[in-house]
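J.: Please read through the structure below; I'll follow up with questions.
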Amino acid sequence: MSEFFSRFVQILGRGKKGSRPLTAEEAQMAMTMMLQGEAAPEQIGAFWMLIRIREETVEETVGFTRAVRAFLKVQNLAPSKVDIDWPAYAGKRNELPWFLLAALTLADAGYKVVMHGHSFKGEDRIYVDEIVKSLGLPYVPKTEAGRVNSYLQHHNFLYVPLEVVNQCLAQMMDLKLSLGLRSPVNTVVRMMNPFQAAHSVHGVFHKGYDDLHAHSCLQLNDPSVLIFRGGNGEAEVNPEREVTLAKVKNSRLHWQQWHRIEQEHTRNKSNLSLRRMIEHWTGESSDPFGEKAVLQTLASVLGLIHDQDDQIYCLNLAQELWSERQRDYLRYGKAI
């Protein structure tokens with residue numbers, strides 16, 4: 001039990017009149033202590049749940065993220081150049097994770113894409129790590145945590161579980177299993193960009209979290225970030241709805257609205273077979289929902305990379321990359 005860490009719990013839990021949010025400096029110090037094992041499990045649980053009740057502030061998010069980035073930088077996980085950081089922590093409930101095909105298309109075009117995530121067994125969701133393993137895509141197991149850079153040198157796409165990025169963060173995520181609630185750690189792992197990629201793509205679910213991410217990225221001086229409310233909270237544009245994209249680029253925040261490109265409901269939540277994704281990639285069939293979800297998601301990321309806002313222009317770029325993909329990649333399990 002840390003007496004020093006208890007002061008952070010006291011700041012958060014003194015009641016309506018006595019409590020207050022943490023400053024960025026306090027949040028950074030608290031997160032650093034947790035990562036260094038200087039807080040007891042019950043202190044960590046109380047800390048996150050007190051913030052969960054009112055939701056994290058921009059200042060707290062900035063402090064937590066700075067601490068995690070500083071901690072991971074010392075570990076020097078990935079000195080190799082990474083183009084796109086793609087957090088994938090939400091899981092899909094009523095459709096397949098089509099955003100994976102968008103990421104693979106970018107990797108096939110030569111971009112280094114690192115996807116990282118965490119899953120909870122027993123939940124009625126499809127987590128992308130299950131699909132990655134089923135397809136035989138590059139995946140770093142816990143036993144080979146020290147070989148992340150070696151994997152990056154040989155593959156343009158790579159999936160890294162959170163426990164490989166940092167075991168302490170994975171344990172904090174797993175508090176959901178004992179406390180029954182997700183914690184602000186869900187925001188931190190999306191924000192952390194553990195491999196210092198040039199661009200980062202954040203999918204969020206709840207209203208207001210896109211704004212939280214965007215203003216936190218501004219304070220952190222992040223060079224290039226795309227944030228939007230995606231399918232079930234993943235970084236996947238739902239083609240059946242309009243989407244508001246937030247871009248943080250060159251110390252500026254820019255919001256834009258993209259029109260929906262699917263006018264009918266084509267989701268097929270009664271058929272979540274992986275075969276749908278494979279056949280759509282190989283061209284054996286064209287999935288009505290998957291086609292537009294992949295293209296719209298791909299277009300949004302290309303818009304970030306090329307600093308373009310025009311939806312039609314970005315969709316044309318996406319269509320060009322999609323049409324040039326290696327169609328036998330998923331059929332034969334070739335490594336990008």
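The values are calculated or read from the model by the stated rules, or taken from the named source; none is laboratory data. Keep in mind that this is a model prediction, so the values were computed, not measured. Ideal geometry is used to build each Cβ from the backbone, glycine not excepted, and the neighbour counts take in all protein chains shown. Areas reflect the complete protein model, heavy atoms only, side chains present, ligands, DNA and RNA absent. Shrake-Rupley method; radii C 1.70, N 1.55, O 1.52, S 1.80 Å.
J.: Going through 26, 38, 95, 56 one at a time, which residue ends up being in contact with a Pro (Cβ under 8 Å, 6 or more places away or on another chain) and either at negative phi or modelled with pLDDT under 95 (or both)?
T.: Working: 26 fails: in contact with a Pro (Cβ under 8 Å, 6 or more places away or on another chain); 38 fails: in contact with a Pro (Cβ under 8 Å, 6 or more places away or on another chain); 95 fails: in contact with a Pro (Cβ under 8 Å, 6 or more places away or on another chain).
Being in contact with a Pro (Cβ under 8 Å, 6 or more places away or on another chain) and either at negative phi or modelled with pLDDT under 95 (or both) holds for just one of 26, 38, 95, 56, which is 56.
J.: Continuing with this model, one more query. Scan the range 255-282 for residues that are farther than 17 Å from residue 132 by Cα and modelled with pLDDT under 95 and report the count.
T.: The first filter runs over the range 255-282 and keeps only residues farther than 17 Å from residue 132 by Cα, leaving 255-271.
Now drop any that are not modelled with pLDDT under 95, which leaves 259-271.
Residues that pass the stated criteria total 13.
J.: Additional query: How many residues, within the range 36-47, are under 18 Å from residue 186 (Cα atoms) and buried (at least 21 other Cβ atoms within 10 Å of the Cβ)?
T.: Of the residues in the range 36-47, 2 are under 18 Å from residue 186 (Cα atoms) and buried (at least 21 other Cβ atoms within 10 Å of the Cβ).
J.: Being β-branched (Val, Ile, Thr) and surrounded by 20 or more Cβ atoms within 10 Å (Cβ to Cβ) is the filter; apply it to the range 58-71 and report the residue that is farthest from residue 208 (Cα to Cα). Quick ask: steps written out before the conclusion?
T.: From the range 58-71, those β-branched (Val, Ile, Thr) are 58, 61-62, 65, 68; that's our starting set.
Cutting the leftovers down to surrounded by 20 or more Cβ atoms within 10 Å (Cβ to Cβ) gives us 61-62, 65, 68.
Working: 61: 14, 62: 16, 65: 18, 68: 23 Å.
Per the stated criteria, the residue is 68.
Residue by residue, here is whether (1) charged (D, E, K, R); (2) free of Cβ contacts under 8 Å to residues at least 24 places away in the same chain holds:
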position: 132; (1), (2): no, no
position: 146; (1), (2): no, yes
position: 166; (1), (2): no, no
position: 178; (1), (2): no, no
position: 207; (1), (2): yes, yes
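J.: In addition: Give 331, 276, 260 a once-over and let me know the one that is in contact with a Pro (Cβ under 9 Å, 6 or more places away or on another chain) and over 26 Å from residue 222 (Cα atoms).
T.: Numbers: 331 fails: in contact with a Pro (Cβ under 9 Å, 6 or more places away or on another chain); 276 fails: in contact with a Pro (Cβ under 9 Å, 6 or more places away or on another chain).
Answer to the selection: 260.
J.: Can you tell me how many residues in the range 210-241 are β-branched (Val, Ile, Thr) and within 19 Å of residue 265 (Cα to Cα)?
T.: If we filter the range 210-241 for residues that are β-branched (Val, Ile, Thr), which is where we start, we get 225, 227, 237.
Within this subset, residues satisfying the condition of being within 19 Å of residue 265 (Cα to Cα) are 237.
The number of residues fulfilling the criteria is 1.
J.: On to the next question. Filtering the range 72-115 down to residues that are among the small types (Gly, Ala, Ser) and open to solvent by 40 Å² or more (accessible area, probe 1.4 Å), which residue is nearest to residue 193 (Cα to Cα)?
T.: The initial filter retains those residues of the range 72-115 that are among the small types (Gly, Ala, Ser), namely 78, 80, 88, 90-91, 102-103, 107, 109-110.
Now restrict to residues that are open to solvent by 40 Å² or more (accessible area, probe 1.4 Å): 109-110.
Numbers: 109: 22, 110: 20 Å.
Among those that are among the small types (Gly, Ala, Ser) and open to solvent by 40 Å² or more (accessible area, probe 1.4 Å), it is 110.
J.: A further question on this structure: In the range 3-41, which residues are assigned to a helix (DSSP H, G or I), touching a residue at least 12 places away in the same chain (Cβ under 8 Å) and of a type in the set (D, E, K, R)? Explain how you work it out, then say what you get.
T.: Of all residues in the range 3-41, those assigned to a helix (DSSP H, G or I) come to 3-13, 15-18, 24-35, 41.
If we keep only those that are touching a residue at least 12 places away in the same chain (Cβ under 8 Å) too, we end up with 4-6, 8-9, 11-13, 24-35.
25, 26, listed by residue number.
J.: Would you pick out the residues in the range 158-172 that are under 20 Å from residue 44 (Cα atoms) and crowded, with 22+ Cβ neighbours inside 10 Å?
T.: Taking the range 158-172 and keeping what is under 20 Å from residue 44 (Cα atoms), we get 162-163, 165-172.
Passing the criteria: 162, 165, 169, 172.
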